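Here is the structure we will look at.
The values are calculated or read from the model by the stated rules, or taken from the named source; none is laboratory data. Here the structure is a predicted model, which is why all the values come from computation and not from measurement. Every residue, glycine among them, receives a Cβ derived from its backbone with ideal geometry; neighbour counts consider all protein chains shown.
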Amino acid sequence: MPELPEVETVRRGLAKLVLGRTIAQVVFDWPKGFPNSQTDVNTFVIGAKIVSVQRRAKVLILDLDSGYSLIVHLKMTGQLVFTDSQSDDLRFGAGHPSDSLINNLPDTSTRVTITFRDESKLFFNDQRKFGWMKLLPTATLPDIPFFQKVGPEPLDASFTADRFVERFQRRQKTSIKAALLDQTVIAGIGNIYADESLWAARIHPNTRVVDVTNDQLNTLFSELRLVLNTAIKKGGSTNKNYVNAQGKKGSYMDFANVFRREGQPCLRCQSSIDKIRVAGRGTHICSNCQVLPT
DNA sequence: CACTTGACCTGTCCGC
DNA sequence: TGCGGACAGGTCAAGT
């Protein structure tokens with residue numbers, strides 16, 4: 001569920017909350033989700049300071065002053081949530097309804113607990129255990145296969161409509177939705193924003209890429225950027241598990257046009273939103289606005 | 001190489 | 001109420 005806007009929201013939160021903090025302790029007991037050894041953690045993490053918080057595609061990168069980085073993929077149900085005595089005050093203080101905050105504490109899904117020298121903590125929670133955290137030398141990050149293959153950032157200022165169109169050249173036979181979800185084509189798009197941007201551009205998700213016109217691709221480019229930027233402003237989408245670095249939900253789902261709106265009226269034409277299956281995923285469309293080419 | 005499908009997980013929901 | 005099965009969806013491995 002965490003896609004580009006959600007991961008970017010977490011990144012911005014962490015940049016405010018953990019940048020400059022020094023790590024005192026790391027508790028982890030989950031080799032599959034954190035494969036590094038206790039020795040490496042002791043040597044390169046304990047006593048190290050977080051010097052930058054970056055994002056590439058849906059991956060978070062916490063650079064340490066030891067020359068190593070913690071990289072984190074939240075996959076579907078991962079959370080990185082920070083807590084200290086101040087955020088406890090925030091949690092229980094007036095004007096902060098508890099229902100907007102679903103988790104910033106350790107629970108049964110907590111996989112890694114990082115404690116800083118000032119006793120504040122960062123929890124990596126992941127109910128479904130698809131996510132992971134890895135410790136790697138910062139200099140080797142560009143060699144990771146995922147970073148080698150992943151496509152351009154859709155919100156980069158240098159990313160143009162022409163470049164967007166060009167990225168689809170080698171995915172002609174597959175559906176436009178499968179191509180949008182392919183991280184080697186464009187970085188950071190997942191199921192929610194694929195459906196939302198295709199609705200906005202009035203393209204049926206099952207349209208083969210070769211049958212999508214250049215005009216449509218240009219529209220898709222601008223609508224996709226609009227959708228992603230709007231979602232970041234709303235703090236991302238909380239479908240179920242997602243929360244930001246302070247444990248709070250995002251509100252973009254309140255503004256979604258098709259995602260999880262099956263049976264409700266299309267906000268453009270009032271037709272009922274349908275849920276179909278495309279590229280193996282639940283897909284939401286307005287069958288009236290989004291029509292397959294004949 | 002292009003493309004599709006299944007596996008990885010656990011919690012939830014639906015129908016019997 | 002209990003229980004089996006479908007579903008949720010990001011990415012990679014294995015398949016066609």
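Each row is one residue, and each column tells you yes or no for (1) within 16 Å of DNA strand C (Cβ to nearest atom); (2) within 21 Å of the chain's Cα centre (by Cα); (3) aliphatic (A, V, I, L, M).
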{"site": "A:LEU19", "(1), (2), (3)": "no, yes, yes"}
{"site": "A:GLY33", "(1), (2), (3)": "yes, yes, no"}
{"site": "A:THR39", "(1), (2), (3)": "no, no, no"}
{"site": "A:VAL51", "(1), (2), (3)": "no, no, yes"}
{"site": "A:ARG55", "(1), (2), (3)": "yes, yes, no"}
{"site": "A:LEU64", "(1), (2), (3)": "no, no, yes"}
{"site": "A:GLY67", "(1), (2), (3)": "no, no, no"}
{"site": "A:GLY78", "(1), (2), (3)": "yes, yes, no"}
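Any idea which residue in the stretch A:151-174 is farthest from DNA strand C (Cβ to nearest atom), counting only those that are among the acidic types (Asp, Glu) and free of Cβ contacts under 8 Å to residues at least 40 places away in the same chain? Working first, answer last.
Of the stretch A:151-174, the ones among the acidic types (Asp, Glu) are A:153, A:156, A:162, A:166.
With the extra rule that they be free of Cβ contacts under 8 Å to residues at least 40 places away in the same chain, the set shrinks to A:156, A:162, A:166.
Working: A:ASP156: 17, A:ASP162: 24, A:GLU166: 21 Å.
Top of the filtered list is A:ASP162.
Could you say whether any residue in the stretch A:217-235 is farther than 18 Å from A:SER197 by Cβ, in a loop (DSSP other than H, G, I, E, B), more than 13 Å from DNA strand C (Cβ to nearest atom) and in contact (Cβ under 8 Å) with a residue 60 or more places away in the chain? Before the answer, list the steps.
Residues of the stretch A:217-235 farther than 18 Å from A:SER197 by Cβ: A:235.
Applying the additional criterion that residues be in a loop (DSSP other than H, G, I, E, B) yields A:235.
Checking which are more than 13 Å from DNA strand C (Cβ to nearest atom) leaves us with A:235.
With the extra rule that they be in contact (Cβ under 8 Å) with a residue 60 or more places away in the chain, the set shrinks to A:235.
There is at least one residue in the stretch A:217-235 that is farther than 18 Å from A:SER197 by Cβ, in a loop (DSSP other than H, G, I, E, B), more than 13 Å from DNA strand C (Cβ to nearest atom) and in contact (Cβ under 8 Å) with a residue 60 or more places away in the chain.
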Practice task
Could you run through the stretch A:202-220 and say how many residues are surrounded by fewer than 22 Cβ atoms within 10 Å (Cβ to Cβ) and more than 16 Å from DNA strand B (Cβ to nearest atom)?
Solution key: 7
Exercise for the section: Would you tally the residues in the stretch A:120-150 being buried (at least 16 other Cβ atoms within 10 Å of the Cβ) and away from DNA strand C (no atom under 12 Å from the Cβ)? Expected result: 11
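Results for (1) among the acidic types (Asp, Glu); (2) in contact with an Asp or Glu (Cβ under 6 Å, 6 or more places away or on another chain); (3) over 15 Å from A:PHE123 (Cα atoms), shown as yes or no for each residue.
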site	(1), (2), (3)
A:VAL59	no, no, yes
A:TYR68	no, no, yes
A:THR77	no, yes, no
A:VAL81	no, no, no
Completion exercise
Contact list, first residue from the stretch A:31-44 and under 16 Å from A:LEU64 (Cα atoms) and in the same structural domain as A:SER69 (by TED's automatic domain parsing), second anywhere and within 16 Å of DNA strand B (Cβ to nearest atom) and at pLDDT 90 or above, beta-carbon distance below 7 Å, six or more apart or interchain, is A:ASN36/A:LYS134
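For the stretch A:172-188, state whether one or more residues are over 16 Å from A:VAL72 (Cα atoms), away from DNA strand B (no atom under 15 Å from the Cβ) and either at pLDDT 95 or above or β-branched (Val, Ile, Thr) (or both). Steps first, answer last, please.
Taking the stretch A:172-188 and keeping what is over 16 Å from A:VAL72 (Cα atoms), we get A:172-186.
Next cut, away from DNA strand B (no atom under 15 Å from the Cβ) only: none.
No, every residue in the stretch A:172-188 fails to be over 16 Å from A:VAL72 (Cα atoms), away from DNA strand B (no atom under 15 Å from the Cβ) and either at pLDDT 95 or above or β-branched (Val, Ile, Thr) (or both).
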Handout entry: Qualifying positions in the stretch A:183-209 - near DNA strand C (Cβ under 9 Å from one of its atoms), under 14 Å from A:ARG281 (Cα atoms) and in a loop (DSSP other than H, G, I, E, B)
Key = A:ILE189, A:GLY190
